[in-house]
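Reviewing the structure listed below.
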Amino acid sequence: MAVRIISPSVFLSVKTDLPASKSVSNRLLIIQSLCEDAFVLKNVSLADDTTILSDLINSNESIEDAGEGGTTFRFLLALRCLQGKSGILNGSKRLSERPVQTLVEALNSLGAGIEYIEKHGFPPLRLTGGKLQGNELKIDAGISSQFISALLLIAPYLPNGLRVVLKGEMVSTSYIKMTTAIMHQFGVDVRIEKNVLIVPKGKYISKDVFIYSDWSAAAFFYAMAALKPNSTMSLLNLKDDDLQGDQVLVSLMQEWGVKSQFEIDDVCIQGIGIPEKKFIYNFTETPDLAQAFAVMAALSHRKLFISGLSTLKNKETDRLHALKIELEKLGAIIQVTESSLEVLQGINSSLLENIVLNTYNDHRMVMALSLFSLSGFPVILDDISSVSKSFPNYFLELKKLGFVFSEL
């Protein structure tokens, strides 16, 4: 069902509850499942990807459905291979279009038994048992960091640990750093020698953990502050020394006129106006920020060039293609390649009154396109339900800020 969104004129001193980090939660769930001693995860993400992963980890079903979650599917696949389980692992229609061949080949080279049920290189998969025994593999690091993280998380429980040789240029390296940092917190140190990751045989040590808020989700609220000068808001449970790579938002958004002041574990942000300049970035390590920045540039009529976006074509949708289509509906001029996006001209805000924007069943497209309501014109989105994938309470938080919604 389509929804019309109208923004308030200004945000004043509103406290915003962001979701707990989905990326951290999913890694911790795998570690928790492998640890011999129980420990407590506090403030676990309520995102669909995390709740599905949690349910499946404790499932004994022969057919397991990972839904839309790429991380859910890939982490669970590695875990099931370590456990030597048989069965079928599948997901949504879109998930069946997201490549998994690199991870399957890596796991099979270690001794897993994985077969493709339909299209070669893609889910669904049949697991036929097998026992992971190998201790070295080579893997293409340029497809998805999730493949590498999935292998690293189970590596301490292989008979001789694991030596991973990375081929090509690594993408989303901040997520690999997050994985190794979390493993370190639980007693497993990953050695890094140039392009080789070495995980010793070992065991995770139990430790109760509080999971802080998601910096990827914070991007959309930083964009609101930039687009509404003199507005202030407090984002709760965000640390300035967080493991999440998207914490780089603090410095990036300072360039867009947003000040950040940390107060214990919260951050107060205030927009003072976006400078007149062209912004140029390489988001190889932080591709999830691209949609918020693209919309922010198009709405503020700032030129923007972002490289390092090769992974976006294999997300919930082809995000580069989707951004180009939707922004050009509104009069923007957008140029995309296989790994870059450029905003050459901003939108004509008056076009928003008569156009329905498509969200492609992509949670980040929903949140990014909702920002267009800050133009002073309502924005109409065809469907907002996919936000539950990462931020189920997104629109509740917008209501606290003064946004108004109506179903069409």
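Every read-out reported here was derived from the displayed coordinates using simple, explicitly stated rules and does not represent laboratory data. Quick caveat: nothing in here was measured; it's all calculated off a predicted structure. FYI the Cβ positions are ideal-geometry reconstructions off the backbone, even for glycines, and counts take in every protein chain you see.
When the alpha carbon gyration tensor of the range 22-209 is reduced to an equivalent ellipsoid, its three semi-axes come out at 22, 20, 16 angstrom, largest first. Our note on the geometry: Cα centres of the range 201-259 and the range 87-162, 31 Å apart. Using 0.36 nm per residue and subtracting the Cα-Cα separation, the extra length available between ARG126 and SER13 on full extension is 35.5 nm. For LYS93 and PHE210, a Förster radius of 56 Å and the Cβ-Cβ distance give a FRET efficiency of 0.95, rounded to the nearest 0.05. FRET efficiency for the SER385 to SER109 pair, using the beta carbon distance and R₀ = 30 Å, is estimated at 0.15. The amide H of GLY331, built 1.01 Å from its N in the peptide plane, has ASN348 as neighbours under 5 Å, considering only residues 5 or more places off or on other chains.
Candidate cross-link partners of LYS303 among the lysines, defined by an alpha-carbon separation under 26 Å and a same-chain spacing of 8 or more, comprise LYS228, LYS259, LYS277, LYS278, LYS313, LYS315, LYS324, LYS329. All other residues whose Cβ lies under 13 angstrom from that of THR128 are scored, Lys and Arg at +1 and Asp and Glu at -1, for a net of +3.
Roughly speaking, what % of Cα-Cα pairs in the chain are separated by over 28 Å, rounded to a whole number? Roughly 47 percent, once rounded to a whole number. Helix-only estimate, please: 222 nm mean residue ellipticity of the chain, summing -39500 (n - 2.57) across DSSP H runs of length 4 or more and dividing by its residues, to the nearest 500. So the helix-based figure for the chain works out to -9000 deg cm²/dmol.
For the pair SER59 and LYS194, a Förster radius of 41 Å applied to the C-beta separation gives a FRET efficiency near 0.55, rounded to the nearest 0.05. Rounded to the nearest whole Hz, the Karplus-based 3J(HN,Hα) values (6.51 cos²θ - 1.76 cosθ + 1.60, θ = phi - 60°) of the range 154-169 follow the sequence 8, 4, x, 9, 7, x, 10, x, 8, 10, 10, 9, 8, 9, x, 7, with x at glycine and proline. The modelled label-to-label distance between LYS400 and LYS167, using points 7 Å beyond Cα along the C-beta direction, is 4.8 nm.
Phi angles of the range 313-326 translate, via the Karplus equation with coefficients 6.51, -1.76, 1.60 and θ = phi - 60°, into HN-Hα couplings of 6, 10, 8, 4, 9, 6, 5, 5, 5, 5, 4, 4, 4, 6 Hz per residue; Gly and Pro are given as x. Take 338-350, 359-371, 167-179 and order them by the average number of nearby Cβ atoms within 10 Å per residue, most first; the result is 359-371, 167-179, 338-350. Counting only DSSP beta bridges whose two residues both lie in the range 22-209, roughly 60 percent are antiparallel. The calculated Kirkwood hydrodynamic radius for the range 1-123 is 16.6 Å, given to one decimal from all distinct C-alpha pairs. The mean sequence separation of alpha-carbon pairs under 8 Å and at least six residues apart, normalised by the residue count of the range 22-209, gives a relative contact order of 20 percent. Computed over the range 227-278, the range of Cα coordinates on each principal axis works out to 31, 21, 12 Å, biggest value leading. About the centre of its Cα atoms, the chain shows a dipole size close to 500 debye [charges on the beta carbon of Lys, Arg (+1) and Asp, Glu (-1) only; nearest 20 debye].
Residues whose amide H comes within less than 5 Å of that of ASN282, counting only those at least five positions distant or on another chain, are SER307 (H built at 1.01 Å from N in the peptide plane).
Sequentially through the range 13-24, phi angles give Karplus couplings (6.51, -1.76, 1.60; θ = phi - 60°) of 6, 9, 8, 10, 8, 7, x, 4, 4, 5, 5, 5 Hz, Gly and Pro residues having no value and appearing as x. Inter-label distance, LEU408 to LYS313: 3.1 nm, where each label sits 7 Å from its Cα along the C-beta direction.
With a cut-off of 20 Å on the backbone N, the residues of the range 157-187 near the modelled label site 7 Å out from LYS203 along Cα-Cβ are 157-162, 183-187.
Of all beta bridges that DSSP places with both ends in the chain, some 65 percent have antiparallel geometry. How far is the Cα center of the range 299-334 from the Cα center of the range 1-76, in Å? What the calculation gives is 26 Å, centre to centre.
A simple count of charges around ALA78, restricted to other residues whose Cβ falls under 15 Å of its Cβ and scoring Lys, Arg +1 and Asp, Glu -1, yields +3.
Rounded to the nearest angstrom and listed largest first, the equivalent-ellipsoid semi-axes of the range 230-325 from its Cα gyration tensor are 24, 18, 11. Amide H contacts under 5 Å for GLU136: ARG163, restricted to partners 5 or more places along the chain or on a different chain, H placed in the peptide plane at 1.01 Å from N. Expressed as a rounded percentage, what relative contact order does the range 257-408 have, with Cα pairs under 8 Å and six or more residues apart? Taking the mean separation of contacting Cα pairs over the length of the range 257-408, I get 17 percent. Its relative contact order, with pairs defined as Cα atoms under 8 Å and 6+ residues apart, puts the range 319-408 at 21 percent.
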